[in-house]
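First the structure, in the form of structure tokens, and then the observations on it.
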Amino acid sequence: MEPRILQVRTRILKDNDKVARDLRRRFDDAGVFVVSLVSSPGAGKTTFLQKTLTLLRPSLRVAALVGDLATDNDAKRLQESGAPVRQIVTGTVCHLEAAMVERSLDGWALDELDILFIENVGNLVCPASYDLGEHLRLVLLSTTEGEDKPLKYPTIFNTADIAIITKTDMAAAAEFDRTAAVAAIQSVRPGMEVLEVSARTGAGMDAWLTYLKSRRDVIGERTGAGRIGAGQITT
């Protein structure tokens, strides 16, 4: 039975990768830059994304898809930013898949967006295996969940483009060892860029938006998608 299980998993991932490639071409053709967020539950993804959407909305057309096993609570919070938001309820599935994203785009004019954010289900295991067609993947690590998360879940850090340490305003209370956390990230992914933010106080958000702009510009040049990088991100 073991080979059969492996074959089924291989087929599922192969099918997902095909849909993801099609999505990425679709995003490139529409000129929309797509960013996904992964983290464990409670790392602050929704608060960080809500702050990001709020800061970007004056100058860019932004939207978000948010995945959860149940409820639309996170989508309601993100809608407070004023950006269009859609909830993906996954039921028993502990991650988003490319086909879920594809279905959730029905009725949206992608060429009327500059940046689309995808907030994955809170999980540091399964999301690592599923390409969603994004251009940029963030992995978030909060100061309240321990410095050794990268060592326990190396795959998710190896599939992400940047690590963002969240809830820095709580670092002292949580006795967070920044040096140990950064060392753990670098031991798993040498050279990985690390940003530190507090969505509550706004600390580090300017640096995050500057990074976002630089990556968006690079992707625009690489894909040749005319509008990617055209809108201005102000910091």
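Please treat every number below as a calculation from the coordinates, not as lab data. A quick note: this is a predicted structure, and the numbers were derived from the prediction, not measured. Cβ atoms come from the backbone with ideal geometry, glycine included; neighbour counts cover every protein chain shown.
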With +1 on each Lys and Arg Cβ and -1 on each Asp and Glu Cβ, how big is the dipole of segment 15-219 about its Cα centre, in debye rounded to the nearest 20? 180 debye
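Given the alpha-carbon gyration tensor of segment 26-134, what are the semi-axes of its equivalent ellipsoid in whole angstrom, ordered largest first, with each equal to the square root of 5 times an eigenvalue?
Numbers: eigenvalues 82, 55, 30 Å².
Those come to 20, 17, 12 Å.
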Which GluC sites (Glu not before Pro) in segment 151-220 sit in a loop by DSSP (not H, G, I, E or B) and have at most 13 other Cβ atoms within 10 Å of their own Cβ? Glu175
Tell me the mean residue ellipticity at 222 nm calculated for the chain from its helices only (DSSP H runs of n ≥ 4, each -39500 (n - 2.57), averaged over every residue, nearest 500). -12500 deg cm²/dmol
Could you please rank Val188, Val197, Val66, placing first whichever residue has the fewest other Cβ atoms within 10 Å of its Cβ? Val188, Val197, Val66
Whole number please: convex hull volume per residue, Cα atoms of segment 140-222, in Å³. 88 Å³
For the cross-link pairs Lys149/Lys213; Lys14/Lys149; Lys14/Lys76; Lys45/Lys167, which exceed 22 Å when the distance is taken from alpha carbon to alpha carbon? Lys149/Lys213; Lys14/Lys149; Lys14/Lys76
Quantify how much of the Cα-Cα distance distribution of segment 15-219 extends past 23 Å, in percent. 41 percent
The local net charge around Gly91, scoring Lys/Arg +1 and Asp/Glu -1 for residues other than Gly91 whose Cβ lies under 15 Å from its Cβ, equals -2
Inter-part distance where segment 49-108 and segment 125-179 are each reduced to a Cα centre, Å: 20 Å
